[in-house]
Amino acid sequence: MTTRTYQNLIGGQWVPSRSRKTFLNINPARHDDVVGEFQASAAEDVDLAVAAATEAFKTWRLTPAPKRAEILYRAGQILLDRKEQYAQDMTREMGKVMAETRGDVQEAIDTAFYMAGEGRRLFGVTTPSELRNKFAMCVRLPVGVCGMIAPWNFPMAIPSWKLLPALVCGNTCIIKPAMDTPLSTLNLVQALVDAGVPAGVVNVVTGAGSQVGTRLVEHPQVQAISFTGSSEVGRTVGQAAAGLFKPCSLEMGGKNAMIVLEDANLDLALDGALWGAFGTTGQRCTATSRITVHRAIAKEFISALVDRAEELKVGDGLDESVQMGPQVNRQQIETSIRYCEIAKKEGAKLMTGGKPLTKGAFAKGHFFPPTIFAKVKPGMRIAQEEVFGPVVSILECASFDDAIAISNGIQYGLSTSLYTRDVNRAFRAMRDLEAGITYINAPTIGAEVHLPFGGVKQTGNGHREGGIGAIDFYTTWKSVYVDYSDKLQRAQIDAGE
Ligand code: UN1
């Protein structure tokens, strides 16, 4: 089979990078399967995309929001028609199993329909003036040209969280997909193009962060940056954006804790733990990577979790019977290996997994088994640092308060979860867990698109994606005063008599 070459989308045209350099996108489950050849772009390609987006902004910002929304709605319908194909493409480039890639495409569909509805809302505020015959209101205006840097773990959903609210608000966009998963972003954008998005309103430039991402962040005509990825890169992005006073939304790491109290429904907690820890091969920002279990049930819980984890079928996600796919690339496998070594040295007890799977059907891919460490102490690195792989740490607690303190005792604050049947403790946890998201009787994953998504502490810098949080990021407030008194009225000075 010949390898298909994919191009950048700039100003409505599919074009190669100026340098003509390309890179290959390889299936992480089968290294001899080349998904496609993509453009290895550089700063000059970004500059062309920014010029196109700047030009397109002149008319897109004046297109009525309900009309912009109709394009999003049509894109949602197109994605629905192509869901199966796009899910297969995603499993091939990213590895997660088909049920999950269907979910990823569905998340983009949900975002399209939700944001299409927003076209007839985008509510502002009216408020009384302190003066007579004067009207006061706040309206939302688009920010301008937005630069977006997307991760590989939700290669269509997360780009949709960025592109679709930005578009309905009247912004134009340049998106840089992750190098491991450019096809899913191109598929999303193809749906937008087919739905009628005008030339230059959405541009895609593929390539390395050091080339494309850096230029996007630094380009003076890019008015806002949205980044999802590692804390290390996020810090660089945030610092560069801060120097230019550019609004910048950062969504980064997590070390998400599930608490299982002694009164929990254990079967339910086990189902949740397996899905939270090993869904997407543990490669979610929201993955359950710490489980704090009450000591009264710890033994029973750990042994059942190990049994269930060992039963999970690992393999190529295109096989519908497989429950956990590969990791996305070699570096991720190396990180998993490194953290297993660290955990063992720290004195944690390896209960299952811990070494890459390399034999037989696994030889051609990046496979790592479900891995569980018990006897983990809160201060250990395996309890503090993000692995982003199928590795979960189990800690024990003596009480509810102890569990909350353990959960909060980290630098991150994305997602948390509590299993209990006690409504009082559930409500205290909702209040006291330091995280942007708390689940009761459900694992740390499973965010829905119409609620704000993001975290506290070092997970982010205070912005939210999803729901109204996204609308807030992609609009800027303008306060408008209309004086219809026909005389000069001075705020704070004239009494408004
Ligand atoms: C992520 O964790 O990287 O909440 C995104 C979830 C998904 C999105 C996760 N809807 O699990």
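Just so you know, all these numbers are worked out from the coordinates, no wet-lab data involved. All values reported here derive from a predicted model rather than from experimental measurement. Quick reminder, even Gly has a Cβ in these numbers, built from the backbone with ideal geometry, and neighbours come from all protein chains shown.
Annotations for the structure displayed:
- Across the options Pro356, Val387, Pro369, the greatest Cα extent toward the positive end of the charge dipole of the chain (unit charges at beta carbon of Lys, Arg, Asp, Glu) belongs to Val387.
- Prolate is the label for region 256-440, because the ratio a/c of its alpha-carbon gyration tensor axes (a ≥ b ≥ c) is 1.5 or higher and a/b is greater than b/c.
- Stretching Ser399 away from Asp432 to a fully extended chain increases their span by 10.4 nm, per 0.36 nm per residue minus the current alpha-carbon distance.
- Cα-based shape type of region 378-427, given that a ≥ b ≥ c are square roots of the gyration tensor eigenvalues and the cut on a/c is 1.5: prolate
- Helix-derived mean residue ellipticity, 222 nm - over the chain, DSSP H n ≥ 4, -39500 (n - 2.57), to 500: -11500 deg cm²/dmol
- Looking at the chain alone, DSSP beta bridges between its own residues are antiparallel in about 40 percent of cases.
- Inter-part distance where region 398-461 and region 64-91 are each reduced to a Cα centre, Å: 32 Å
- Interatomic Cα distance distribution for region 204-266, bins of 10 angstrom, percent: 20, 42, 15, 11, 10, 3
- Across the chain, the mean sequence separation of Cα contacts (distance under 8 Å, 6 or more residues apart), normalised by length, yields a relative contact order of 18 percent.
- Region 1-94 - convex hull of the alpha-carbon atoms, volume per residue in Å³: 122 Å³
- Modelled FRET efficiency - R0 35 Å, Glu341 with Gln221, Cβ distances, 0.05 increments: 0.15
- Convex hull projection area averaged over all views, the chain, Cα basis, nm²: 26.1 nm²
- Summary value for region 1-105: 24 percent relative contact order, contacts being C-alpha pairs under 8 angstrom separated by 6+ residues.
- Ranked by how many other beta carbons lie within 10 Å on average, peptides 169-178, 377-386 from highest: 169-178, 377-386
- Taking a sphere under 11 Å around the Cβ of Ala69 and counting the other residues whose Cβ falls inside, with K and R at +1 and D and E at -1, yields a net charge of +3.
- Calculation over all alpha carbon pairs of region 277-323 in 5 angstrom steps from 0 returns a P(r) of 5, 18, 20, 23, 18, 10, 5, 2, 0 percent.
- Pairwise centroid distance, computed over Cα atoms, of region 154-229 with region 250-300, Å: 32 Å
- Magnitude of the charge dipole, the chain, Cβ model with Lys/Arg +1 and Asp/Glu -1, debye to 20: 740 debye
- Surrounding net charge for Ala87, when Lys and Arg each add one and Asp and Glu each subtract one, Cβ distance under 12 Å: -2
- For region 356-476, a/c is not less than 1.5, where a ≥ b ≥ c are the root eigenvalues of the C-alpha gyration tensor, and a/b does not top b/c. That puts it in the oblate class.
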